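Let me begin by presenting the structure, written as structure tokens, before commenting on it.
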Amino acid sequence: MSRITFPFGPQHPVLPEGIQLSLTCEDEKVVEVRPVIGYMHRGIEKAAERNPYPNNVFLCERICGICSFIHALSYCQLVEELMKVEVPPRARYLRVVWSELSRMHSHLLWLGLLADSFGFESLFMQCWRARETVLDILEMTTGQRVIQSSCIVGGVRRDINADQARQVREMLNKVKTEIDAVLPVFQKDYTIKARTVGKGVLPKGQAWTLGAVGPMLRASGWAWDCRSLGYAAYGELGFEPVVENGGDSYARTMVRARELVQSYELVLRALDSMPEGELAVKVKGAPPAGEAIMRTEQPRGELFEYARGNGTQQLERLKIRTPTFANLPALLAMLPGCEIADVPVIVLSIDPCIACTER
Amino acid sequence: MPWMMPNILKNLFSSPATRKYPFETRQYWAGARGQLQIDLARCVFCGLCQRICPAQAITQYGNKKDPDVTIDYNPFACIYCARCAEKCPSGAIYIHESHAVPADRKITYGRNDISLSKGELS
Ligand code: SF4
Ligand code: SF4
């Protein structure tokens with residue numbers, strides 16, 4: 001049968017960002033996929049080499065508009081590791097609170113986008129409405145909705161006082177009610193199951209060999225989550241990774257749905273067990289000559305950062321490997337063999353963040 | 001669809017989730033980083049804000065002792081991190097909770113703006 005190659009993206013209704021997949025099809029079946037990336041490259045790694053190291057927190061935050069807090073957190077932890085700075089316990093708990101709130105709004109955004117990708121508009125709106133409350137909590141506690149700028153090298157800049165904590169709990173309970181209203185739809189609805197079950201299957205072995213990360217890996221049966229490393233205060237909050245075994249788009253949806261509830265619980269637990277004390281320690285001097293790495297768990301998977309210091313205020317090198325970058329090979333393995341109509345859902349099921357990928 | 005029915009019915013009889021902006025605006029959260037205001041009358045021109053600003057949005061012209069020393073603030077370069085407001089020794093910079101409204105031209109406050117020039121603001 002003759003083949004036809006056509007571009008999917010960079011402008012496509014399901015793609016919030018610019019990436020092109022060049023699809024080669026036989027009839028309606030995809031046989032080959034070639035990714036074309038580079039539409040959103042901003043040279044952040046290079047820019048980071050010129051800034052004094054404390055300013056990079058604000059730069060790293062702008063790698064991504066969704067997991068901005070965790071980007072800042074990873075960078076701060078990386079520099080703290082390099083400079084051997086001990087962060088006060090209260091700051092570590094506050095970092096968990098904001099990380100998990102970021103994860104909640106990211107997963108709610110994604111669930112909405114998934115519903116949108118197969119035309120379930122009312123569900124899309126409902127998810128985003130719940131997300132709005134999470135963003136309100138972030139604005140109330142950090143000062144801004146999306147770019148929080150509340151993490152600095154050595155600790156955090158803002159506190160959550162008792163009154164705010166009470167308000168956060170109230171608002172989170174409202175979010176939980178809304179989540180409880182939409183999750184059964186994702187779990188049981190016939191249309192959603194028809195579009196996700198068995199679509200884009202990533203077998204357990206292949207998920208590992210292709211280096212998939214995050215919900216992709218966990219949906220294929222691997223209990224692999226960087227929060228288990230116990231960074232920030234995760235080690236003290238009794239964290240267990242969420243695992244599903246299906247390996248298909250439905251399993252990935254379920255992993256994110258369950259993580260949403262888990263994040264809600266983690267925020268409450270962190271607020272309950274937050275110790276009193278300092279918010280930040282003063283960091284003096286410059287990063288010494290040497291290297292450090294940091295791994296953190298973003299909503300989309302494992303983020304890996306590497307830095308080399310040289311004793312000056314600037315870092316000699318900052319390398320950021322983002323989760324979507326690691327998930328692209330798995331996406332390319334999942335697409336061949338599927339129908340064209342399933343391409344949007346499968347692409348979305350990796351929760352692509354192209355701005356992250358290209359930095 | 002059946003699983004969505006309860007939500008749909010509830011939404012049918014509940015008040016809308018959106019508001020009629022700009023006639024109805026949201027209340028700002030205390031401590032939100034909306035706009036930056038610089039009160040040049042209180043500024044001692046120490047140059048700290050210019051040094052620590054990650055976006056190079058503040059430029060100081062001249063040094064402390066010059067009679068016509070002033071600072072410029074470019075709200076279009078500012079990323080509203082509030083570091084300058086946090087560190088300013090004389091409290092000349094503060095963050096207002098209301099968000100900046102859209103503008104039709106790029107302006108820089110300070111040297112070229114009489115309303116902000118030295119001594120004009122109390
Ligand atoms: S830090 Fe404050 S006092 Fe110093 S130059 Fe800036 S505005 Fe003026
Ligand atoms: S808020 Fe941040 S970016 Fe804006 S002028 Fe102050 S230090 Fe610079």
For segment A:275-300 and segment A:88-137, compute the distance between their C-alpha centroids and round to whole Å. 25 Å
State the three equivalent ellipsoid semi-axes of segment A:102-143, derived from the C-alpha gyration tensor as the square roots of 5 times its eigenvalues, in descending order and whole Å. 22, 9, 5
In segment A:271-322, which trypsin sites (Lys or Arg not before Pro) fall in coil by DSSP and have 15 or fewer other Cβ atoms within 10 Å? A:282, A:284
For n ≥ 4 DSSP H runs only, could you compute -39500 (n - 2.57) per run for chain A, divide by its residues and tell me the 222 nm figure to the nearest 500? -15500 deg cm²/dmol
Quick check: at a probe of 1.4 Å, how many percent of the accessible area of the protein assembly as shown sits on carbon and sulfur atoms? 55 percent
Solvent-accessible heavy-atom area per residue, rounded to whole Å², over chain A at 1.4 Å: 36 Å²
Can you give me the pair-distance distribution of segment A:282-322, C-alpha pairs, 5 Å bins, whole percents? 6, 22, 23, 18, 15, 11, 3
Over chain A, calculate the relative contact order: mean separation of alpha carbon pairs under 8 Å at least 6 apart, over the residue count, as a percent. 25 percent
Residue order for A:359, A:218 - accessible surface, 1.4 angstrom probe, largest first: A:359, A:218
Principal axes of segment A:55-214: Cα extent on each, largest first, Å: 51, 43, 24
Can you tell me, using C-alpha contacts under 8 Å and at least 6 residues apart, the relative contact order of segment A:184-253 as a whole percent? 39 percent
Could you give the dipole magnitude of segment B:1-85 about its Cα centre, charging the beta-carbon of Lys and Arg +1 and that of Asp and Glu -1, in debye to the nearest 20? 320 debye
Using the alpha carbons of the protein assembly as shown, what is the convex hull volume per residue in cubic angstrom, as a whole number? 167 Å³
Throw me the Rg/Rh for segment A:66-108, computed over C-alpha atoms with Kirkwood Rh, two decimals. 1.03
Per-residue SASA entry for residue B:99, accessible area with 1.4 Å probe, Å² rounded to 10: 80 Å²
Counting only protein heavy atoms and leaving out ligands, DNA and RNA, the solvent-accessible surface of residue B:24 at a 1.4 Å probe, in Å² to the nearest 10, equals 90 Å²
Hey, what did chain B get for relative contact order, percent, Cα under 8 Å, at least 6 apart? 32 percent
Tell me, what HN-Hα J-couplings in whole Hz come from the Karplus equation 6.51 cos²θ - 1.76 cosθ + 1.60 at θ = phi - 60° for each residue of segment A:20-29, using x for Gly and Pro? 10, 10, 8, 9, 9, 10, 10, 6, 9, 9
Give, rounded to the nearest 20 debye, the magnitude of the charge dipole that chain A has about its Cα centre when Lys and Arg contribute +1 at Cβ and Asp and Glu contribute -1 at Cβ. 520 debye
Work out how far the C-alpha atoms of segment B:33-116 reach from end to end along every principal axis, then list the three figures in whole Å, largest first. 36, 25, 20
Reachable lysines, given that their alpha-carbon falls under 17 Å from the alpha-carbon of residue A:174 and they are not under 8 places away in the same chain: B:10
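The values are calculated or read from the model by the stated rules, or taken from the named source; none is laboratory data. Owing to the predicted nature of the structure, the values given are computational and were not obtained by experimental measurement. Neighbour counts are summed over all protein chains in view; Cβ atoms, including those assigned to glycine, are modelled from backbone coordinates with ideal geometry. In case anyone asks, the SASA skips ligands and DNA or RNA and just uses the protein heavy atoms, side chains included. Shrake-Rupley method; radii C 1.70, N 1.55, O 1.52, S 1.80 Å.
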